Amino acid sequence: MLGTQFMKYLLLINFLLSVQLLAMDEADTCIHQLRVIQEYLGEEVGQGERFKKYRAGVAARVKYLSEKERAKYKIVIKNGKFYTSSGELVISPPPQKLFDPFLGTSEWAEARALYVLDLDKNLYLSFEGEYGVFHHSTFTAGAPVLMAGEMSIRDGKLVMINRISNHYRPPIAHLDFMVAYLQDKGVQMDSVLVNTEIIE
């Protein structure tokens, strides 16, 4: 009996430690680490439940970047504008025809980049998203993050940000955190569309 109670106690401690609440701002609001949800675990070796049905039953392998490969996608924000790690202004690809899952229609829209904010508050971004190959989990090799979603950037300036990430499914509090983070970096958010919707 004592052994069972002790094991429950250890499991509870392990859970609490894994959450690792992180201070978010001066208002003492907190957010937790976002972990890749269960159905995507093993995706880097073609074992993720979500990808077993991909491409007519052939399991996909999602690319996980090494630390060296990840550096290419790191973003630096200067004077409110987005720059690559090599100092070049982030330029969006031409508008794309995007499918709107809420309306069930396609329309031309500005290209959206995948982004994540890692636990050290490094921002990574890429327009290379591809189903079954390059996802939010790609940037940090499946490790937990503080935020994940999509951005639209025009001539280095942020024009849209959302919290759409099936891999991490961030709550609205994380999007609020991201907005505050960007404001602290000098991004003018007054004219930025902050989209709180998420695909369930």
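Below are the figures for this structure:
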quantity: Qualifying residue in segment 88-108 (condition: in contact with a helix residue (DSSP H, G or I) (Cβ under 7 Å, 6 or more places away or on another chain) and either of a type outside the set (Gly, Ala, Ser) or at pLDDT below 95 (or both)); calculated: no
quantity: Residue within segment 162-185 that is of a type in the set (Gly, Ala, Ser), at pLDDT below 95 and under 16 Å from Val90 (Cα atoms) present; calculated: no
quantity: All strands (runs of 3 or more DSSP E) inside segment 133-197 with 1 or more residues being crowded, with 21+ Cβ neighbours inside 10 Å; calculated: 145-154, 157-162
quantity: Count of residues meeting criterion [modelled with pLDDT under 85 and loosely packed, with under 11 Cβ neighbours inside 10 Å] in segment 21-44; calculated: 5
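The values are calculated or read from the model by the stated rules, or taken from the named source; none is laboratory data. Everything numeric here is computed off the predicted structure, so don't read it as measured data. Cβ atoms come from the backbone with ideal geometry, glycine included; neighbour counts cover every protein chain shown.
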